[in-house]
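Visitor: My questions will all concern the structure given below.
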Number of protein chains: 2
Amino acid sequence: MPKVVDHDKQREKIAEAAWKVIRSGGLAQATVRNIAQEAGLSFGAMRHYFNSQSELLRFAMNLVSDRVKERIRSMRLFASGFNMEDAKRLLMQLLPLDEESTLEMEVWLAFSAKSLSDPELKPRSDEVYDELRKVMMDIVGAMIRTETAKPGLDEELEAERLYALIDGLALHRMLRPGSLSPAMMEAVLTHHLNSLCDKEGSDRT
Amino acid sequence: MPKVVDHDKQREKIAEAAWKVIRSGGLAQATVRNIAQEAGLSFGAMRHYFNSQSELLRFAMNLVSDRVKERIRSMRLFASGFNMEDAKRLLMQLLPLDEESTLEMEVWLAFSAKSLSDPELKPRSDEVYDELRKVMMDIVGAMIRTETAKPGLDEELEAERLYALIDGLALHRMLRPGSLSPAMMEAVLTHHLNSLCDKEGSDRT
DNA sequence: TTTATTATCATACAAATGTACCATATACGA
DNA sequence: TCGTATATGGTACATTTGTATGATAATAAA
């Protein structure tokens, strides 16, 4: 029998090489040859793992969302009922606060932009968008039902506001890291969450 | 003397053709040949207006920001002192609410994503980011100084929060237009501005 | 009308890229 | 040890793309 190589592990290794290429050179540099070199493979060997470039890129995009989902799922949230600390921790997972998540989100931004004109990528982009929107609805909904939030909030409106705030912060951190520090990102998020709860208006963490 | 053609007008016409190509096919389709066809020019004629593709794309990107700046400048804001209606009108200019601004913002998103790995585009991207950040600071600052806002607000934090909210809404509208209506965008913005002003918490337009 | 200057077009050419194909190396089972 | 299935490497080829070059058309001034 043949040499034993974990086919799926190799595909992930190649996809992660694609991430690095995309991050440093953009999607325009995400050629089969460049990705092969980054992965330490020969150009011809790529064919054994991906039948086409678009299949490779689609896999690389899906791997980003898989990783993010996994990270969120592994948090074991709300084990003892809803609480704001867990909600905040979850939302912070959606901000580029460390090297790993920054890489993933920059790659995700590249794919999202491309998905606007690439039907192959659109379904997954939409799927992730909708899932995160659901997360926002769950958080805001729980805040309202547990009366953590101040009364009278519009669930859907607040969910969209929170979602836009998160993605706006993430976008700004990627575009202008020197202008928006991780501490400021966290402060804005904390302040926003407090503003949804406080009956008066003072800040608490 | 030669045939008379407004050189600058032609450059803008070509740049707008580039916008259309980018919107329908992404930056990957923004080839000199495709743009020439969209502009109704021959491939060879392009050379008379742009010496290289990167010069063309840089011009097309700059034209987006010029148009947005011009639109904001022409609003003649705060003619009779600061007021919330003008502030809201200004902020709405930064949301993709009609066909024209949607086109411009989708193109801007493509260029912004590319600027992360293209040193040629980064300066202008940063410049626009900083200018808009200043707009946010001006608005929040004016709200505070005129006591339109409730007391105790952190100017820088609220500016970043407002900025992130605007860009997040714009991004979501582009990525998932079916999930975020113009009416909802406006409602979220209105609600957010009110939340900065109202001493109690009720909504007013 | 003639001419010079500009606009436009057509084409050539090298480089890059995706895909396909074939050769070689490798390792596990018989 | 040997053979087979798999991994990997090398290369050919058509296509696309940016750039460069030369030819032609058009127009306004002399």
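The values are calculated or read from the model by the stated rules, or taken from the named source; none is laboratory data. Quick caveat: nothing in here was measured; it's all calculated off a predicted structure. Because the Cβ atoms are built from the backbone with ideal geometry, glycine has one as well, and the counts that use them run over all protein chains shown.
Visitor: Does residue B:45 satisfy the condition of being farther than 20 Å from residue B:132 by Cα, within 14 Å of chain A (Cβ to nearest Cβ), within 13 Å of DNA strand D (Cβ to nearest atom) and of a type outside the set (S, T, N, Q)? So that I can check it myself, show each step before the final result.
Guide: Numbers: farther than 20 Å from residue B:132 by Cα: yes; within 14 Å of chain A (Cβ to nearest Cβ): no; within 13 Å of DNA strand D (Cβ to nearest atom): yes; of a type outside the set (S, T, N, Q): yes.
The answer is no for residue B:45.
Visitor: List the residue pairs whose Cβ atoms are under 6 Å apart, where the first residue sits in region B:25-37 and is not assigned by TED's automatic domain parsing to the domain that holds residue B:114 and among the charged types (D, E, K, R), the second is near DNA strand D (Cβ under 7 Å from one of its atoms) and outside any helix (DSSP H, G or I), and the two are 6 or more positions apart or on different chains.
Guide: Pairs found: B:33/B:43.
Visitor: Determine which single condition residue A:49 fails, assuming it passes every other condition in (1) of a type outside the set (A, V, I, L, M, F, W, C); (2) within 8 Å of DNA strand C (Cβ to nearest atom); (3) over 19 Å from residue A:104 (Cα atoms).
Guide: Of everything listed in (1) of a type outside the set (A, V, I, L, M, F, W, C); (2) within 8 Å of DNA strand C (Cβ to nearest atom); (3) over 19 Å from residue A:104 (Cα atoms), residue A:49 misses just condition (2).
Visitor: Here's a follow-up. Can you tell me which residue within region B:1-42, out of those that are basic (Lys, Arg) and out of contact with any Ser or Thr (no Cβ under 8 Å at 6 or more places or on another chain), is farthest from DNA strand D (Cβ to nearest atom)?
Guide: Start the filter on region B:1-42 by keeping residues that are basic (Lys, Arg), which leaves B:3, B:9, B:11, B:13, B:20, B:23, B:33.
Next cut, out of contact with any Ser or Thr (no Cβ under 8 Å at 6 or more places or on another chain) only: B:3, B:9, B:11, B:13, B:20, B:33.
Numbers: B:3: 4, B:9: 15, B:11: 15, B:13: 17, B:20: 16, B:33: 5 Å.
Only one residue fits best here, namely B:13.
Visitor: For region A:48-63, does any single residue satisfy the condition of being near DNA strand D (Cβ under 9 Å from one of its atoms) and more than 21 Å from the chain's Cα centre (by Cα)?
Guide: Of region A:48-63, the ones near DNA strand D (Cβ under 9 Å from one of its atoms) are A:48-49.
Next, from what is left, pick out any that are more than 21 Å from the chain's Cα centre (by Cα): A:48-49.
Looking for residues that are near DNA strand D (Cβ under 9 Å from one of its atoms) and more than 21 Å from the chain's Cα centre (by Cα), one finds at least one in region A:48-63, hence yes.
Visitor: Please identify the pairs in which a residue from region A:91-105 that is more than 13 Å from residue A:162 (Cα to Cα) has its Cβ atom under 8 Å from the Cβ atom of a residue that is of a type in the set (Lys, Arg) and modelled with pLDDT of 95 or more, counting only partners at least 6 apart or on another chain.
Guide: Matching pairs, first to second residue: A:96/A:173; A:102/A:173; A:103/A:20; A:103/A:23; A:104/A:67.
Visitor: What residue, among those in region A:129-143 that are closer than 21 Å to residue A:189 by Cβ and without any contact (Cβ under 8 Å) to a residue 12 or more places away in the chain, is surrounded by the most Cβ atoms within 10 Å (Cβ to Cβ)? Explain how you work it out, then say what you get.
Guide: The initial filter retains those residues of region A:129-143 that are closer than 21 Å to residue A:189 by Cβ, namely A:129, A:131-143.
Subset that is without any contact (Cβ under 8 Å) to a residue 12 or more places away in the chain: A:129, A:134, A:138.
Values: A:129: 19, A:134: 12, A:138: 16.
Residue satisfying both the conditions and the ranking: A:129.
Visitor: Quick test for you: out of B:126, B:118, pick the one residue that is free of Cβ contacts under 8 Å to residues at least 24 places away in the same chain, in a helix (DSSP H, G or I) and closer than 27 Å to residue B:54 by Cβ.
Guide: Numbers: B:118 fails: in a helix (DSSP H, G or I).
After applying the criteria, what remains is B:126.
Visitor: Right, next: For region B:147-167, enumerate the residues that are buried (at least 19 other Cβ atoms within 10 Å of the Cβ), within 8 Å of chain A (Cβ to nearest Cβ) and of a type in the set (A, V, I, L, M).
Guide: B:164, B:165, B:166
Visitor: When you go through A:74, A:112, A:54, A:101 one by one, which is the residue that is away from DNA strand C (no atom under 16 Å from the Cβ) and within 14 Å of chain B (Cβ to nearest Cβ)?
Guide: On the way: A:74 fails: within 14 Å of chain B (Cβ to nearest Cβ); A:54 fails: away from DNA strand C (no atom under 16 Å from the Cβ); A:101 fails: within 14 Å of chain B (Cβ to nearest Cβ).
The conditions single out A:112.
Visitor: Would you be able to tell me the number of residues in region A:35-44 that are surrounded by 13 or more Cβ atoms within 10 Å (Cβ to Cβ) and more than 7 Å from DNA strand C (Cβ to nearest atom)? I'd like the intermediate steps shown before the answer.
Guide: Filtering region A:35-44 down to residues surrounded by 13 or more Cβ atoms within 10 Å (Cβ to Cβ) leaves A:35-39, A:41, A:43.
Subsequent filtering for residues that are more than 7 Å from DNA strand C (Cβ to nearest atom) retains A:35-39, A:41.
Adding up the residues that qualify gives 6.
Visitor: Follow-up question, since we're still on this one. For residue B:32, are the conditions met, namely being within 13 Å of DNA strand C (Cβ to nearest atom), away from chain A (no Cβ under 14 Å) and β-branched (Val, Ile, Thr)?
Guide: Values: within 13 Å of DNA strand C (Cβ to nearest atom): yes; away from chain A (no Cβ under 14 Å): yes; β-branched (Val, Ile, Thr): yes.
Spelling it out, residue B:32 is indeed within 13 Å of DNA strand C (Cβ to nearest atom), away from chain A (no Cβ under 14 Å) and β-branched (Val, Ile, Thr).
Residues are listed down the side, and each one gets a yes or a no for (1) more than 17 Å from residue B:13 (Cα to Cα); (2) aliphatic (A, V, I, L, M):
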{"site": "B:32", "(1), (2)": "no, yes"}
{"site": "B:37", "(1), (2)": "no, no"}
{"site": "B:52", "(1), (2)": "no, no"}
{"site": "B:60", "(1), (2)": "no, yes"}
{"site": "B:64", "(1), (2)": "no, yes"}
{"site": "B:69", "(1), (2)": "yes, no"}
{"site": "B:76", "(1), (2)": "yes, no"}
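Visitor: Hey, among A:161, A:133, A:173, which residue is over 16 Å from the mean Cα position of the chain (by Cα) and part of a helix (DSSP H, G or I)?
Guide: Details: A:133 fails: over 16 Å from the mean Cα position of the chain (by Cα); A:173 fails: over 16 Å from the mean Cα position of the chain (by Cα).
Checking each option against the conditions leaves just A:161.
Visitor: Restrict the check to region B:8-17 and report whether at least one residue is closer than 20 Å to residue B:65 by Cα and of a type in the set (S, T, N, Q).
Guide: Taking region B:8-17 first, the residues closer than 20 Å to residue B:65 by Cα are B:8-17.
This time we only want the ones that are of a type in the set (S, T, N, Q), so: B:10.
Among the residues of region B:8-17, at least one is closer than 20 Å to residue B:65 by Cα and of a type in the set (S, T, N, Q), which makes the answer yes.
Visitor: Here is a follow-up. Being β-branched (Val, Ile, Thr) and either in contact (Cβ under 8 Å) with a residue 24 or more places away in the chain or away from every other protein chain (no Cβ under 11 Å) (or both), is that true of even one residue in region A:177-192?
Guide: yes
Visitor: Next question, about the same structure. Hey, residue A:120 hits all of (1) over 25 Å from residue B:27 (Cβ atoms); (2) within 14 Å of another protein chain (Cβ to nearest Cβ) but one; which does it fall short on?
Guide: It is condition (1) that residue A:120 fails.
Visitor: Same structure again: For region B:40-98, give me the residue count where each residue is in contact with a Lys or Arg (Cβ under 8 Å, 6 or more places away or on another chain), modelled with pLDDT of 95 or more and not in a helix (DSSP H, G or I).
Guide: Number of matching residues: 6.
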